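A short reminder: the numbers here are calculations on the coordinates, not readings from a lab. These figures come from a predicted structure and were not determined experimentally. A quick note on method: Cβ atoms are made from the backbone with ideal geometry, for glycine too, and the neighbour counts reach across all protein chains shown.
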Amino acid sequence: MLLAAGWMLAGCGGDPAAKPGFHEINQHRFFVNSLGMQFVQLPGNDIWLSVRETRVADYAAFANATTNGWQAAWFQDTDRHPAINVQWDDAQAFCAWLSQRERASGLLAGNEGYRLPTTSEWTTALGQAEPTDSGNFGPKLGTDGFVRTSPVGSFPGNALGLHDLRGNVWEWCTAWPSEEGIGRILRGGSWRDDIPGLLAADRELIVTPKVATEDYGFRCVLVLKRPAKP
């Protein structure tokens with residue numbers, strides 16, 4: 001179960017809300033996809049953001065289906081840790097693969113699908129009063145007991161139920177396609193970072209899309225072209 005600000009999202013196992021589709025708990029609407037990833041709507045548009053960073057379990061399904069050779073890091077002892085050592089291009093490929101898979105199954109319409117968040121979408125999500133006194137940051141800060149990555153959702157979420165926007169892993173984002181240059185953008189800070197400047201809410205890293213490290217991960221946006229409520 002993932003704890004949010006005053007409410008709770010569905011877990012896994014026998015929970016009926018783990019079934020793909022729309023669900024509602026305590027008047028909070030969310031969408032569950034075929035991998036059990038949960039999405040909440042950003043205010044005022046048709047963009048739904050994953051409540052957590054893409055997990056080892058999620059990315060492994062893609063890696064196994066496409067035989068891209070990816071493996072979880074040696075120190076990640078459960079499949080609930082964020083997927084790391086993922087290049088920007090591979091994060092994009094995951095989104096394309098998942099979109100095609102769920103369109104083929106009928107879960108998504110042909111004009112619906114997944115992609116990486118834009119930087120403006122990411123900062124909109126961060127602006128929803130996320131707690132600033134907890135998260136998986138550099139060990140020198142003493143804010144948590146994790147030496148490296150933590151399982152996603154280990155810390156309180158914000159008002160929308162979004163977890164780990166700050167800390168745990170840097171998250172790949174995108175500008176709109178016409179604005180993309182040679183570099184790609186990462187937001188949020190990571191488990192390695194203990195310098196205030198790196199953890200500032202407005203900080204972004206611009207790096208080559210071919211970089212993959214143990215503190216780079218991602219979360220997905222889901223674009224739904226349908227009413228959220230029946």
Sum of side-chain charges, Glu121 neighbourhood, beta-carbon under 13 Å (Lys, Arg +1; Asp, Glu -1): +1
Leading residue at positive end of dipole, the chain (Cβ point charges), from Ile206, His28, Gly127: His28
Theoretical FRET efficiency, 1/(1+(r/R0)^6), r = Cβ-Cβ of Ala93 and Lys140, R0 22 Å, to 0.05: 0.05
Three-way shape call for region 29-163 based on the alpha-carbon gyration tensor, with the a/c threshold at 1.5: oblate
Choice from Trp74, Trp97, Trp88 showing the highest fluctuation, given a GNM over the chain with Cα pairs closer than 10 Å: Trp74
Relative packing of peptides 136-144, 19-27, 35-43 - highest average C-beta neighbours within 10 Å first: 35-43, 136-144, 19-27
Viscosity 1.002 mPa s, temperature 20 °C, Stokes-Einstein D of the chain from Kirkwood C-alpha radius, µm²/s: 121 µm²/s
Per-pair calculated FRET efficiency, R0 = 30 Å: Glu24 and Ser120 via Cβ, rounded to 0.05: 0.65
Overall form of region 84-150 per C-alpha gyration tensor (a/c, 1.5; a/b vs b/c): prolate
Leading residue at positive end of dipole, the chain (Cβ point charges), from Val169, Ala18, Trp74: Ala18
Under 14 Å, Cβ to Cβ, from Trp97 - net charge with Lys/Arg +1 and Asp/Glu -1: -1
Estimated vicinal HN-Hα couplings, Hz - region 202-207 in sequence order (Karplus 6.51, -1.76, 1.60; Gly, Pro = x): 9, 7, 9, 9, 10, 9
